[in-house]
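To keep things clear, I will list the structure first and then write my remarks on it.
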Amino acid sequence: MKSLRKLWRLPAADRALLVDAVLWLGATKLGLALLSLDRLRHLLARAARSSMRWHRPTPSVERIVWAVSAAQRVVPRATCLPQALAAEALLLRSGYAASLRIGVARTGPGGLVAHAWIESDGRVVLGDLRELSCYAPFPPLPRATP
């Protein structure tokens, strides 16, 4: 109940953005279970482009990142990859540049851990970790196209 009161107190634009982020993050999580990463990115980009036609205020990059970060508390097990994919789609929908990055780091003998993040205009906007420099990034993925 307390969460609903907090949601209701938000400005209407933030409330709408947060609901969008929850829906995009949930759809992304489901898509990862059913589709290849390439196919999912294609579908997300296509959906983002088609929803660009709706007239709504354009949120800032920071508000989009805030919404995805808040949405991950509602969507179960929404790890870094679904968050990055949802953020990439929401950023593209709002007309911002977004680059999905994935890297790996060693965790010991024979162990690896992966992490996904989003860069926009040369800076990490989502998924920044204190130890991000420990991750060896894969080459940038091609831009998601509809």
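The values are calculated or read from the model by the stated rules, or taken from the named source; none is laboratory data. Quick caveat: nothing in here was measured; it's all calculated off a predicted structure. Please note: Cβ atoms are built from the backbone with ideal geometry, for glycine as well, and neighbour counts cover all protein chains shown.
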Say whether the condition of being out of contact with any strand residue (DSSP E or B) (no Cβ under 9 Å at 6 or more places or on another chain), closer than 21 Å to L37 by Cα, outside any strand (DSSP E or B) and without any contact (Cβ under 8 Å) to a residue 40 or more places away in the chain is met by at least one residue in region 129-143. yes
Among the hydroxyl-bearing types (S, T, Y) and either free of Cβ contacts under 8 Å to residues at least 24 places away in the same chain or on the phi > 0 side of the Ramachandran plot (or both): is that true of S60 in this structure? yes
When the residues of region 67-118 are filtered to those that are in contact with an Asp or Glu (Cβ under 8 Å, 6 or more places away or on another chain), in contact (Cβ under 8 Å) with a residue 40 or more places away in the chain and over 16 Å from P139 (Cα atoms), which remaining residue is surrounded by the most Cβ atoms within 10 Å (Cβ to Cβ)? L90
Of the criteria (1) touching a His at 6+ places or on another chain (Cβ under 8 Å); (2) assigned to a loop (DSSP other than H, G, I, E, B), which one V74 fails: (1)
Go through region 86-107 and report how many residues are under 9 Å from the mean Cα position of the chain (by Cα) and on the phi > 0 side of the Ramachandran plot. 0
Yes or no: V75 under 26 Å from R15 (Cα atoms) and β-branched (V, I, T)? yes
In region 18-33, how many are at pLDDT 95 or above and surrounded by fewer than 21 Cβ atoms within 10 Å (Cβ to Cβ)? 9
Residue that is farthest from V65 (Cα to Cα) [pool: residues in region 119-132 that are surrounded by 15 or more Cβ atoms within 10 Å (Cβ to Cβ) and touching a His at 6+ places or on another chain (Cβ under 8 Å)]: L132
Can you confirm whether region 28-37 contains a residue that is more than 29 Å from L10 (Cα to Cα), over 14 Å from the mean Cα position of the chain (by Cα) and in a loop (DSSP other than H, G, I, E, B)? yes
Restricting region 55-66 to residues that are surrounded by fewer than 18 Cβ atoms within 10 Å (Cβ to Cβ) and part of a loop (DSSP other than H, G, I, E, B), the residue that is modelled with the highest pLDDT: S60
Among all residue pairs at least 6 apart or on different chains, which show Cβ distances below 9 Å where the first residue, located in region 11-26, is within 9 Å of A71 (Cβ to Cβ) and the second is at pLDDT 90 or above and among the hydroxyl-bearing types (S, T, Y)? A21/S69
From the list G103, G108, which residue is farther than 22 Å from A27 by Cα, modelled with pLDDT under 90 and not hydrophobic (A, V, I, L, M, F, W, C)? G108
Per the filter on region 39-76, residues among the charged types (D, E, K, R) and under 16 Å from W117 (Cα atoms) are R41, E62
Boolean, I118 is under 18 Å from V22 (Cβ atoms) and in a strand (DSSP E or B): yes
